[in-house]
Amino acid sequence: MAQLSDEEREAIRQEMSGGGAQGAAGSEGAGDAQAAGQETGPDLFEMNPLSQVHHMVGVVSGKGGVGKSMVTGVIAVELARAGHTVAVLDADITGPSIPTMFGLGGSYLTALGDNIMPARTKGGIQVVSTNLMLTDEREPVIWRGPVLAGALKQFYSDTAWGDVDYLVCDMPPGTGDVPLTVMQSMPIEGVVCVTSPQELVQVVVGKSVRMAQMMQVPVLGIVENMSYVTCPDCGRKIYPFGDSHLEETARRYGLPVLGRMPMDPALAAAADAGRIEEDLPENMLPDVIAMIEDLPDLLEPTPED
Ligand SMILES: Nc1ncnc2c1ncn2[C@@H]1O[C@H](COP(=O)(O)OP(=O)(O)OP(=O)(O)O)[C@@H](O)[C@H]1O
Ligand SMILES: [Mg+2]
């Protein structure tokens, strides 16, 4: 993996200490970590006593609109189809799109005592999202860093997730407060980095990889979304954006290419209609699923424990 330069480390450190996620997420433990010379920030958010989350993965990208939420949806649906219990934490607090994709318009989070109860999709996937708290989902959510971090804590710690095999976390674009807080304060086992061929792949992937590296979160690999279009007449793959630079970028960062998804109007239509569970074709991202299924269980004691 490419190493961060001293300047880049310093820039991220500055960003984190200047009112970014570290400050926002609560600073208990940060001093200890720093004193111990570690580069991680505050303690992990506590898991709710009513939650047993066995795995947690994130979906990130240095760039907006490349299909993070779509890839999150695909991963969730494919894990559920494989027989796992699945939940989605929509960490895109100000631009949530998961509830729409799963047809959860008109559904709301409920409370059980002090706990938040997630909404449930038709197929039984649990979802927590700001969209499920708003009476009008077109209302913009305008929250600053500390409030965002508070919302994330509630989504993780105050939610009674129950026994969940896989909690998949959809992130907002870029390297701001929210991805920082999620990577610092939740037990993310790894992130899947999404890019698309029309973007400067190296830049998009580079940003995510450097951030994850700084937060000591493994990058599981790269998914290229909207890679190609399949001709509806002859089935040939058409590459509207020319040659992809994915392989060389993946080599540069020492990461596997975990999948390529076509640009498919049927996928967009399924997401818009809230029918991703019903209409998603089979086996869109088998290598991502295989890699996630291989991760060690967070609740199993490790040999050092
Ligand atoms: N493979 C695909 N084929 C067709 N449409 C797609 C595909 N992937 C994503 N889309 C559509 O492109 C739009 C952007 O995708 P999506 O919302 O998943 O991106 P994002 O990276 O999560 O965006 P943001 O950065 O705003 O969170 C959505 O309307 C989605 O339905
Ligand atoms: Mg999104």
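Values quoted throughout were computed directly from the atomic coordinates according to the rules given, and no laboratory measurement underlies them. Keep in mind it's a predicted model, so treat the numbers as computed, not measured. Methodologically, a virtual Cβ is constructed for each residue, glycine included, from the backbone with ideal geometry; neighbour enumeration extends over all protein chains shown.
Using modelled backbone amide H atoms (1.01 Å from N, in-plane), which distant-in-sequence or interchain residues come within less than 5 Å of ASN225's amide H?
THR195, SER196, MET261
So how do PHE45, PHE102 line up by other beta-carbon neighbours within 10 Å, fewest first?
Values: PHE45 22, PHE102 25.
Ordered from fewest to most neighbouring Cβ atoms within 10 Å, PHE45, PHE102 come out as PHE45, PHE102.
Which of the lysines could a cross-linker bridge to LYS68, judged by Cα under 20 Å and excluding same-chain residues fewer than eight apart?
LYS207
Which of rounded, prolate, oblate describes segment 139-183, given a ≥ b ≥ c as roots of the alpha-carbon gyration tensor eigenvalues and a/c under 1.5 marking rounded, otherwise prolate only if a/b is larger than b/c? Each step should come with its number before you reach the end.
Working: a/c = 2.06, a/b = 1.54, b/c = 1.34.
The shape class here is prolate.
Under the rule of at least 5 residues apart or a separate chain, name every residue whose amide H is placed under 5 Å from the amide H of GLY174.
Here SER61, GLY62, LYS63 satisfy the definition.
Counting only residues 5 or more places away or on other chains, whose amide H sits under 5 Å from the amide H of ILE116 once H atoms are built in the peptide plane?
Here the answer is THR159, ALA160, since their amide H atoms fall under 5 Å of that of ILE116.
I need the fraction of alpha carbon pairs in segment 55-179 separated by more than 17 Å, rounded to a whole percent.
Numbers: 4150 of 7750 pairs.
More than 17 Å apart: 54 percent of the Cα pairs in segment 55-179.
By counting other Cβ atoms within 10 Å of each Cβ, how are ASP243, ASP90, ASP165, ASP297 ranked from fewest to most? Numbers along the way, then the final one.
On the way: ASP243 8, ASP90 25, ASP165 19, ASP297 12.
With the fewest neighbours first, ASP243, ASP90, ASP165, ASP297 line up as ASP243, ASP297, ASP165, ASP90.
Taking the mean number of other Cβ atoms within 10 Å as a proxy for protection, how do you rank 256-267, 210-221, 112-123 from highest to lowest? Before the final figure, lay out each step's value.
Values: 256-267: 17.2, 210-221: 20.7, 112-123: 15.4.
Descending packing order for the listed peptides: 210-221, 256-267, 112-123.
Sort segment 148-263 into rounded, prolate or oblate with this rule: let a ≥ b ≥ c be the square roots of the eigenvalues of the Cα gyration tensor; rounded if a/c is under 1.5, and if a/c is not under 1.5, prolate when a/b is larger than b/c, oblate otherwise. Kindly include the intermediate steps, with their values, before the conclusion.
Numbers: a/c = 2.53, a/b = 1.75, b/c = 1.44.
Prolate, since a/c reaches 1.5 and a/b exceeds b/c.
Using θ = phi - 60° and the Karplus curve 6.51 cos²θ - 1.76 cosθ + 1.60, what whole-Hz ³J(HN,Hα) does each residue of segment 56-65 get, with Gly and Pro shown as x?
The phi angles translate into 9, 10, x, 10, 10, 7, x, 9, x, x Hz.
In whole Å, what is the distance between the alpha-carbon centres of segment 242-305 and segment 72-132?
Spelled out, the Cα-based centre of one part sits 18 Å from the other.
Could you derive backbone 3J(HN,Hα) for segment 185-192 from the dihedral phi with the Karplus parameters 6.51, -1.76 and 1.60 (θ = phi - 60°), listing whole Hz in sequence and x where the residue is Gly or Pro?
Taking θ as phi minus 60°, the curve returns 10, 10, x, 5, 7, x, 10, 9 Hz for segment 185-192.
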